[in-house]
1. Going by the conditions given, is Ile90 surrounded by 21 or more Cβ atoms within 10 Å (Cβ to Cβ), among the aliphatic types (A, V, I, L, M) and over 24 Å from Val184 (Cα atoms)?
2. Please work out if Asn96 is open to solvent by 30 Å² or more (accessible area, probe 1.4 Å), in contact with a strand residue (DSSP E or B) (Cβ under 6 Å, 6 or more places away or on another chain) and either within 20 Å of Ile196 (Cβ to Cβ) or assigned to a helix (DSSP H, G or I) (or both).
3. Is there a residue being assigned to a helix (DSSP H, G or I), in contact with a Phe, Trp or Tyr (Cβ under 6 Å, 6 or more places away or on another chain) and open to solvent by less than 20 Å² (accessible area, probe 1.4 Å) anywhere in region 177-196?
4. Any chance you could count how many residues in region 143-156 are open to solvent by 50 Å² or more (accessible area, probe 1.4 Å) and either at positive phi or assigned to a helix (DSSP H, G or I) (or both)?
5. What are the residue pairs meeting all of these: first residue in region 28-52, first residue aromatic (Phe, Trp, Tyr), second residue in a helix (DSSP H, G or I), Cβ atoms under 8 Å, and 6 or more apart or on different chains?
6. For region 65-87, name all the residues that are open to solvent by less than 10 Å² (accessible area, probe 1.4 Å) and assigned to a loop (DSSP other than H, G, I, E, B).
7. Could you tell me whether any residue of region 106-121 is farther than 30 Å from Glu149 by Cα, part of a loop (DSSP other than H, G, I, E, B), open to solvent by 20 Å² or more (accessible area, probe 1.4 Å) and among the β-branched types (Val, Ile, Thr)?
Amino acid sequence: MSTNTELQSILHKLEGTREEEILQQMQKLYTKISDVQVEWYNKSGFTCPQGCGECCRNFEPDLLDCEALYMAAWLIENQSEVADKIQEGIFPFPENNGCPFWNENNEYHCTIYGGRAFICRFFGACGSKNKEGKPVFKPCKFYPTEILEAHKPPLSHRQYSEQELLDIFGTLPIVTTDIMEETVSLNPDNQSTQLIRNILPKFIKHLRWICSIKETAGNLL
C-alpha cells in the first residue's frame, strides 16, 4: 500500500487497477518536483513572496487526464463533500474568472493545494530550455523588482543561462519539459488537455464508479 497519506484510502480501494498505477506514478512525479524545488529554494534563497498568488489570479489550468485523475482522487480523499458537488458541476468558487479553486480571502489562495496540477507546482520555481536544449531561468514577471535588485548579486527580470544560474545560485531549478516528458506513458493515447471545469467532474464520477464496483465485487467474495 502507498505511504502517501493524502491518497491512502482511495489507493487502497483502487488496488490492482490501472488508476492506482497512474496515481502512484503521479505521486512520484509530484514528489520529484517538490524535492528539486526544495533544493533550489534552500540553495538559491529564491522563493515567491509569502501569500503572493499572482500567477494563479484569473488563470484556470488545463489538465491532462493523469492530472485530472490525481486531482479527483485528492478531492475524494480530502474534501469529499466538495467532490460531491463538483461531480454535479458545482465548483467552490464558480464566479472566479479563472481557477474555480482560487480563494481571494485565503492567505495561500489555493484551496486544493495538495491536489494541484503540474503548472501550479511549477509556478515561480521552474526553468525551461533554450534553443540549444540548455536549462534557462527567468524570474516570474510578478516577482518584486526591489527584492531582485536587493539580491547579491542584483537580479532582474531577464533570462539567465545555465552557467549564470550555477555561478549565482550553485544549483538549477527544475525544468518543466523534463517532467512533462514523463507524463507521456501515463497518457499514451491522449496528450490533449481540458480546463478544470470541463474535465474534473467526469473523473470524480469515474473514480467513484470504479470504487463502487470493486466494493461490490469484494462483498460477493
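The values are calculated or read from the model by the stated rules, or taken from the named source; none is laboratory data. Please read these numbers as outputs of a predicted model, since none were measured by experiment. Please note: Cβ atoms are built from the backbone with ideal geometry, for glycine as well, and neighbour counts cover all protein chains shown. Accessible surface is based on the protein model in full, side chains and every heavy atom, while ligands, DNA and RNA are left aside. Shrake-Rupley method; radii C 1.70, N 1.55, O 1.52, S 1.80 Å.
1. No; evaluated as a whole, the condition is false for this residue.
2. yes
3. no
4. 5
5. From region 28-52, the pairs are Tyr30/Tyr70; Tyr30/Arg121; Trp40/Phe169; Phe46/Trp40; Phe46/Phe169.
6. Listed by number, the list is empty, since nothing qualifies.
7. Yes.
Here's the yes/no breakdown for (1) surrounded by 14 or more Cβ atoms within 10 Å (Cβ to Cβ); (2) charged (D, E, K, R); (3) under 24 Å from the mean Cα position of the chain (by Cα); (4) not in a helix (DSSP H, G or I):
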site	(1), (2), (3), (4)
Gly127	yes, no, yes, yes
Lys141	no, yes, yes, yes
Leu166	no, no, no, no
Thr171	yes, no, yes, yes
